[in-house]
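The next block holds one structure in the form of C-alpha cells; read it before the comments.
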C-alpha cells in the first residue's frame, strides 16, 4: 500500500527544531548542574580537611583550594578527603579526594593553607655557637604557611639554646638551627635509670657522647655493655626500650 510522504511545513519544521533545541539545552543544563554540584562538593570537602590540618596552629586560617577539572567526574554519593604521604599541613600542598559510593575516582586537589600568626626572628646577626638570649630575638606576624618547616613560633623555644650556624639579622629562626644546652658531656659518669610499672632500677656508666635534654645519649656500663637512652634535664639517662 502506498503511504504518501509526510512533509512538514516551514512552520512545523521551526516548531520541531525548537523542541529539539529545548531538549538539548535542558540536557546540557542538567549535565552542567551535576558537574557544578560535584565540583562544589569536592572543594567543600577539601576546605574542611584543610582546616582540620591547620587546627594545630594558633592563628587566623585562610584556605585557597583548586582549580579542579571535574568535567569527567561522575556524581558521587560519598566522598573521603585524605592527606597524601609526606605532605605539609600548612602552606602549598595537595589534598586527596576519593569517591566511596556512586562512582570510582580519586583526585588530588591543590590547596594553599595559610595561617596568620606570630613567629620568631633574629634582632641582630648572631654567630654560630652563641647561646641565645631573649634580647637577641624579635616576634613578628606573618603567614606561617609561607615560612620554612620548623620555624620557631615562641621565643622560649629558643632562649638558652646554642646556634649551630651563624644567622643574619631579621631571619626566621628554625628548630634545626638550635642545640639544646648540654646536660651530659662525653666521658663523665652518669646515672642510668630504667623504669617500669611499680619499679625503677638505677646504675652508673660512662657517657660516650655529648647530649642535651631530650637527645639520645650512649653509655658504657661497667660490664662493658653499651646502651642508649634519652638525656634528662637533671643529667641522668632514661633507658629506651
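Only the coordinates and a few stated rules stand behind these numbers; no lab work does. Computed from a predicted model, the values in this text were never measured in an experiment. A quick note on method: Cβ atoms are made from the backbone with ideal geometry, for glycine too, and the neighbour counts reach across all protein chains shown.
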Which value in nm describes the separation of the simple spin-label points at residue 125 and residue 107, placed 7 Å from the Cα toward the beta carbon?
-> 5.1 nm
By the gyration tensor of its Cα atoms, with a ≥ b ≥ c the square roots of the eigenvalues, what is the shape of region 107-205: rounded for a/c under 1.5, prolate for a/b over b/c, or oblate?
-> oblate
Contour minus Cα-Cα span, residue 139 to residue 98, at 0.36 nm per residue, comes to 10.7 nm
Residue 80 and residue 233 label points (each 7 Å along its Cα→Cβ direction) are spaced in nm at 4.3 nm
Between region 43-61 and region 201-241, how many Å separate their Cα centres?
-> 41 Å
Which of 225, 112 comes first, and how do the rest follow, when ranked by fewest Cβ neighbours within 10 Å?
-> 225, 112
Sort region 182-239 into rounded, prolate or oblate with this rule: let a ≥ b ≥ c be the square roots of the eigenvalues of the Cα gyration tensor; rounded if a/c is under 1.5, and if a/c is not under 1.5, prolate when a/b is larger than b/c, oblate otherwise.
-> oblate
Quote to one decimal, in nm, the extra length available between residue 169 and residue 186 on full extension: 0.36 nm per residue of separation minus the C-alpha distance between them.
-> 2.8 nm
Full-extension gain in nm, residue 87 to residue 179, via 0.36 nm per residue minus C-alpha separation = 30.5 nm
Rounded to the nearest 0.05, FRET efficiency between residue 154 and residue 200 (Cβ-Cβ, R0 25 Å) equals 0.15
How much FRET efficiency would the formula 1/(1 + (r/R0)^6) give for residue 213 and residue 60, where r is the Cβ-Cβ distance and R0 is 30 Å, rounded to 0.05?
-> 0.35
